[in-house]
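Below is one structure, written out as structure tokens, with a few remarks after it.
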Amino acid sequence: MEVDLLDFVEQCRHLVKQALGKHAGEPASGGFARWKHVVLHCFRLEEDHSYRETPNRLEYMAEIRDVLDLDRDDLPDYSTLYKSFDRLKMWAWRALLRVSAQQHPQSGHAALDSTFFDRRRASSYFRQRAGRTIQTLKVTTLTDVESLAVLDVHITARWKHDTKTGPQVVRRNADDLQSVAADNGFQDWHT
């Protein structure tokens, strides 16, 4: 399915402003409003551009600059985008995930699962320079079984047992759930 880029950016702007609420207009870094940074990252990821390519492409996309309320001379530097991605707090991404998941019909029935992501693909030079020694992350997701919308994500470098992270993820979404299906790793906790 092909996505109209202008519609995508407009929808992202709407969802991000809704998710961030009163914090949307606050500057994140580089003097730009927080919502602009988040939408720029969504645009960059949707089009699969590097940080360096993103401002160059925006220079020639007047309609998208208008949606973002940016002048051609006022585009953020690629280093500003790169740094802002790390500086955005998890609450901003979690709020955007929650608002975007609400765009799909919710069945009230969810599946809970955990998996590991290997970070060893990142160069050892980069990990040393960044002061990162963690090589594997544990990710727990809560997914609606009908719409397949991801309702919540829990990412940790400290591998708590599923019986600890599972209830935490379910409690955050308890108001909207009727049932939760999970594998054996989650069997030792009471709902």
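Things worth noting here:
- Taking the numbered list (1) closer than 19 Å to residue 25 by Cβ; (2) modelled with pLDDT of 85 or more in turn, residue 63 passes all entries but (1).
- Flag if residue 17 is part of a helix (DSSP H, G or I) and touching a Phe, Trp or Tyr at 6+ places or on another chain (Cβ under 6 Å): yes
- Residues of region 67-125 satisfying the condition of being modelled with pLDDT of 80 or more, part of a helix (DSSP H, G or I) and aliphatic (A, V, I, L, M): 67, 81, 92, 95, 96, 97, 99, 101
- The residue list 4, 48 contains one member that is over 23 Å from residue 94 (Cα atoms) and open to solvent by 20 Å² or more (accessible area, probe 1.4 Å), which is 4.
- Hits in region 92-110 (condition: in contact with a strand residue (DSSP E or B) (Cβ under 8 Å, 6 or more places away or on another chain) and open to solvent by less than 40 Å² (accessible area, probe 1.4 Å)): 101, 107, 108, 110
- Residue match in region 61-80 (condition: under 30 Å from residue 149 (Cα atoms), within 20 Å of the chain's Cα centre (by Cα) and loosely packed, with under 12 Cβ neighbours inside 10 Å): no
- Residue tally, condition in contact with a Leu (Cβ under 7 Å, 6 or more places away or on another chain) and within 15 Å of residue 41 (Cβ to Cβ), over region 77-118: 5
The values are calculated or read from the model by the stated rules, or taken from the named source; none is laboratory data. No experiment lies behind these values; they were computed from the predicted model shown. Using ideal geometry, Cβ is built from the backbone for each residue, glycine included, and neighbour counts are taken over all protein chains shown. Please note that ligands, DNA and RNA were not included when accessible areas were found on the heavy atoms of the full protein model with its side chains. Shrake-Rupley method; radii C 1.70, N 1.55, O 1.52, S 1.80 Å.
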